[in-house]
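Below: the structure, in structure tokens.
The values are calculated or read from the model by the stated rules, or taken from the named source; none is laboratory data. Quantities reported herein were computed from a predicted structural model and do not represent experimental measurements. Cβ placement follows ideal geometry from the backbone for every residue including glycine, while neighbour counts extend to all protein chains displayed.
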Amino acid sequence: MKPAIVLKAQFITPNAQSRKDYSSYIDYIHREDALKEAEDTPRFFSKYIDYMNDRKKGAFGFDDKRDKLEQKELLNKSKLFDEGKEDKRILWQDVYSFDNSFLEDQGLYNSKTKEVDAKTLTNAVRASMDKFKQSKNINHLVWTGAIHRNTDNIHIHVASVNMDPDVEREKDGVQRGYRSDKVLNDMKSKFINRLVDRDQRLDIMTKQRDRLVKTDFLEKPSEIQKGQLEEIKSRLPKNKNKWSYNRKAVKDLQPLIDEYTHGYIKKRHGKQYEEYHQMLDQETEMNKRLYGTGTKEYKKYKDTKSNKLNELDERMGNSLLKHLKAEETFKREMKQNEFYKKKEALQKSQQKPPVKCRRVRHNPVINRRTQFMIERGFNTRYKDQSLDMDNKRLEQKVEQEKARQQYGHEL
């Protein structure tokens, strides 16, 4: 899958002598009739503005303040660009190109009427150039851009010159023009975020995540969860300052903590948790379309969902540990509290003493009546036992006789 948005960036120096020194991007520019003068002529920088704003291409110049530059304003830009060239300043050239179907899906382009939401596109360029200024600490960046619709893919040309009094220069006095991958990636990210309003999408995701993290993980746990909590607490280090999810002392507890927080969230906030997963799936698909597959940029974003879920685990784990720490602190403070001590002492004093069993002292001396009663009881019980034994013997004889008669009959 090809990326939906591509940023091609480069710069040219004022002392370039041949087109062979430029990339295919410059070759593309110079094949147009708009540029008839060589790039080493004094008006090369300003002629690039003429190319970008060729009305035959349906292009209109804009800058950081105005959506449509008038001719007088374009002439002023050209003058500044030529001054930059004379002062050996480089010209940055950037092109943002699009997959038209992506723009159409985002409601920024109508393939039937060929209408483009120029306002949104220009604002995205402004956000990108502001990021460029910030990244390079530029105060006075002179730039202009134009939207072109003369090819199969809508694209935007942007030309810029740094007119700050002090700029970094090479030994020959020419301004340094290198922009790192980080600067260009930040420019593109800012462009994309403004174009598809990703800032709002990401803000919604962040708020959903924060709602999950703010859960009170100690509120009414199940019996199973109580057991998990006890195990977690028993294995936590004594030093509560080390109660942090990614601390070395807690690393071994991460699987148990994750098991608890996942189970708690799914039971208490299952719908919100599922919605967060859906948001991450949508974000992953958006990244796939924006950055394509198999590209350097996509490698940074392909693990969006797993990275976000790992971040959620960390935040929920720290939230649980924070609640456990607060609980332990509260218990300790309560035990040290004077009111608590008095209350505990009062409760102990109000407890009923255990019932003590009185020991019966046996008197070896018995009277004659007691002796008579014991003997009579013994005799009665002995007679009963004897009678019972006689009955059992009789039953055995009867059974034996029946068995003998039955055996004799069978013979």
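Which residues, counting only those in region 130-147, are within 28 Å of the chain's Cα centre (by Cα) and either modelled with pLDDT under 95 or surrounded by 16 or more Cβ atoms within 10 Å (Cβ to Cβ) (or both)? The answer is LYS131, PHE132, GLN134, SER135.
For first residues located in region 300-315 and free of Cβ contacts under 8 Å to residues at least 24 places away in the same chain, partners that are surrounded by fewer than 16 Cβ atoms within 10 Å (Cβ to Cβ) and of a type in the set (Val, Ile, Thr) and lie 6+ apart or on another chain with Cβ distances below 9 Å form the pairs LYS302/THR293.
Quick check on THR144: is it under 20 Å from GLU70 (Cα atoms), among the hydroxyl-bearing types (Ser, Thr, Tyr) and not in a strand (DSSP E or B)? It would help to see each step written out before you state the result.
Values: under 20 Å from GLU70 (Cα atoms): yes; among the hydroxyl-bearing types (Ser, Thr, Tyr): yes; not in a strand (DSSP E or B): no.
Taking the combined requirement at face value, the residue does not satisfy it.
Here ALA159 fulfils each of the conditions (1) under 24 Å from LEU290 (Cα atoms); (2) at pLDDT 90 or above; (3) crowded, with 18+ Cβ neighbours inside 10 Å apart from (2). Residue-level analysis places LEU324 among those that are under 22 Å from TYR245 (Cα atoms), part of a helix (DSSP H, G or I) and touching a Leu at 6+ places or on another chain (Cβ under 9 Å). Quick check on ASN150: is it surrounded by fewer than 22 Cβ atoms within 10 Å (Cβ to Cβ) and under 30 Å from GLU283 (Cβ atoms)? No, not satisfied.
The combined condition, being out of contact with any strand residue (DSSP E or B) (no Cβ under 8 Å at 6 or more places or on another chain), in the same structural domain as ASP172 (by TED's automatic domain parsing), surrounded by fewer than 17 Cβ atoms within 10 Å (Cβ to Cβ) and at pLDDT 85 or above, is not fulfilled by ARG55. No other residue among HIS148, HIS155 is closer than 14 Å to ASP94 by Cα, in contact (Cβ under 8 Å) with a residue 12 or more places away in the chain and out of contact with any Gly (no Cβ under 8 Å at 6 or more places or on another chain) apart from HIS155. Contact map, region 90-117: first residue free of Cβ contacts under 8 Å to residues at least 12 places away in the same chain, second residue of a type in the set (Asp, Glu), Cβ cut-off under 6 Å, separation 6 or more or different chains; pairs are SER111/GLU104.
This table checks each residue for (1) among the hydrophobic types (A, V, I, L, M, F, W, C); (2) without any contact (Cβ under 8 Å) to a residue 40 or more places away in the chain.
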| site | (1), (2) |
| --- | --- |
| ASN239 | no, yes |
| LEU253 | yes, yes |
| GLU259 | no, yes |
| LYS271 | no, yes |
| HIS277 | no, yes |
| LEU280 | yes, no |
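Conditions (1) assigned to a strand (DSSP E or B); (2) among the polar types (S, T, N, Q); (3) closer than 30 Å to LYS266 by Cβ, marked per residue:
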position	(1), (2), (3)
ASN123	no, yes, no
ILE138	no, no, no
ASP166	no, no, no
TYR178	no, no, no
LEU202	no, no, yes
LEU212	no, no, yes
PRO221	no, no, yes
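Residues in region 277-304 that are crowded, with 16+ Cβ neighbours inside 10 Å and over 23 Å from ASP99 (Cβ atoms): 2 in all.
Is it true that GLU231 is on the phi < 0 side of the Ramachandran plot and not in a helix (DSSP H, G or I)?
Against the criterion (on the phi < 0 side of the Ramachandran plot and not in a helix (DSSP H, G or I)), GLU231 does not qualify.
For region 162-180, a residue qualifies if it is closer than 19 Å to GLN93 by Cβ and loosely packed, with under 10 Cβ neighbours inside 10 Å, and exactly one does: TYR178.
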